[in-house]
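Visitor: Next up is a structure, given as structure tokens.
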Amino acid sequence: MISMTATASALVAASAALHAQDVIITGIVDGELPGGLPKAIEIYVAGTVDLEGLTVVREANSPGVDGFIDLEGVYTDEFVYLVGPGLGGADGVQAFADVFGHTGDFANVIFDRAVTGNGDDKFSLVDSGSQTMHTPLVGPVHDAIGNAGSPGDVEDQMPYRDGWLYRKSDTGPDGDFVPTNFTTSGNDALDNTDAAGIAAAVPFGTYVRAPDATNACPPDQDTDGNLDIDDFSSFVTNFFSSNALADVNADQTLDIDDFSDFVSQFFNPPEGCSP
């Protein structure tokens, strides 16, 4: 027979993995200022993450890796922008600043010449060193945006040529590209648009992730009006006896997510909670 203590220990360990920090690709823009600028990919860092060891790979025009964008820096709950150059050597970083400014999260810029999406290019977030140039993309893929294929084919599936794609809030990371989790401007939406017009049209910086249930106060499991070690013991009992008190995330299902949330709430309570 498996002991409750051993099972609880395993679930505590699993809870840490479930609440690992995330890096999410949230948007892409293909502008129409001189040189086809700005060209940029927005990523959101949830929690505190050192981006070193992660790479965004490009598949341009057709499937198959043809560019690497190595990430770097430590960020916490903020956006980071991968910015590419324009045609003819146009200054992509300056064009990005001209449109979006260079303060707040818009100062988090990583420049790379592989950021050249123009509607039929796909960008995927992977572990550094996991991919080989000029070969098909292999897993695992953490997140992705766009489709790779010939113009007139994939551009019609989720178009962003001379436009943008943007992730819907509280989605991702998805692994492979999930079109239903994005909105699109459609092709040519930014034609004849100046810097101010691009800034107004492109929803960079608006992605929102719902607060994690781990940020809530732990529920009073033994209903004695106090939060203490007895509540932890009572939660384990409630969980394994299918007591509704253990439904910490209020989704009407008792599963590993409830255990994970309670452990995080109990050992890392927000200010004002007293477990």
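Visitor: What is the set of long-range amide H partners of residue 64 at a cut-off below 5 Å, with H atoms built 1.01 Å from backbone N?
Guide: Residues meeting the criterion, in which the H sits 1.01 Å from N, are 137.
Visitor: Lys and Arg at +1, Asp and Glu at -1: add these up for the other residues within a Cβ distance under 10 Å of residue 37 and post the number. If you can, show how the numbers build up before the last one.
Guide: Working: positive: 39; negative: 30, 32, 91, 98.
Surrounding charge for residue 37 is -3.
Visitor: Please list, in order along region 197-203, the HN-Hα scalar couplings obtained from phi with the Karplus expression 6.51 cos²θ - 1.76 cosθ + 1.60 (θ = phi - 60°), rounded to whole Hz, x for Gly and Pro.
Guide: Couplings: x, 5, 4, 6, 8, 8, x Hz.
Visitor: Here is a follow-up. In sequence order, what are the phi-derived ³J(HN,Hα) couplings for region 229-234 according to the Karplus relation 6.51 cos²θ - 1.76 cosθ + 1.60 with θ = phi - 60°, rounded to whole Hz, with x for glycine and proline?
Guide: 4, 4, 5, 5, 4, 5
Visitor: If you don't mind, there's one more thing I want to ask. Given a 1.4 Å probe and heavy atoms of the protein chains only, how would you sort 62, 260, 234, largest accessible area at the top?
Guide: 62, 234, 260
Visitor: Something else: Find out how many positive minus negative residues lie around residue 26, taking Lys and Arg as positive, Asp and Glu as negative, among other residues whose Cβ is under 12 Å from that of residue 26.
Guide: Working: positive: 167, 168, 209; negative: 22, 42, 78, 105, 143, 170, 174.
Net local charge, residue 26 excluded: -4.
Visitor: Just add up the charged neighbours of residue 100: K/R +1, D/E -1, any other residue whose Cβ is under 13 Å from the Cβ of residue 100.
Guide: Net of charged neighbours comes to -2.
Visitor: Each residue of region 119-125 in order: what ³J(HN,Hα) in whole Hz does its phi give by Karplus 6.51 cos²θ - 1.76 cosθ + 1.60, θ = phi - 60°, with x for Gly and Pro?
Guide: Coupling constants for region 119-125: x, 10, 10, 10, 10, 10, 8 Hz.
Visitor: Would you pull out the residues with amide H under 5 Å of residue 111's amide H, same chain only if 5 or more places away, H placed 1.01 Å from N?
Guide: Under 5 Å from the amide H of residue 111 lie the amide H atoms of 83, each far enough along the sequence or on another chain.
Visitor: For residue 181 and residue 229, what is the calculated FRET efficiency with R₀ set at 25 Å and r taken between the beta-carbons, to the nearest 0.05?
Guide: Step by step, r from the Cβ atoms, then E = 0.05.
Visitor: Rank 126, 248, 208 by accessible area, highest first, at a 1.4 Å probe radius?
Guide: Greatest to least solvent exposure: 208, 248, 126.
Visitor: Determine how large the accessible area of residue 230 is when every protein chain is in place; take a 1.4 Å probe and give Å² rounded to the nearest 10.
Guide: 80
The values are calculated or read from the model by the stated rules, or taken from the named source; none is laboratory data. Source: prediction; values computed, not measured. Note that we place each Cβ from the backbone using ideal geometry, even for glycine, and neighbour counts take in every protein chain shown. Areas reflect the complete protein model, heavy atoms only, side chains present, ligands, DNA and RNA absent. Shrake-Rupley method; radii C 1.70, N 1.55, O 1.52, S 1.80 Å.
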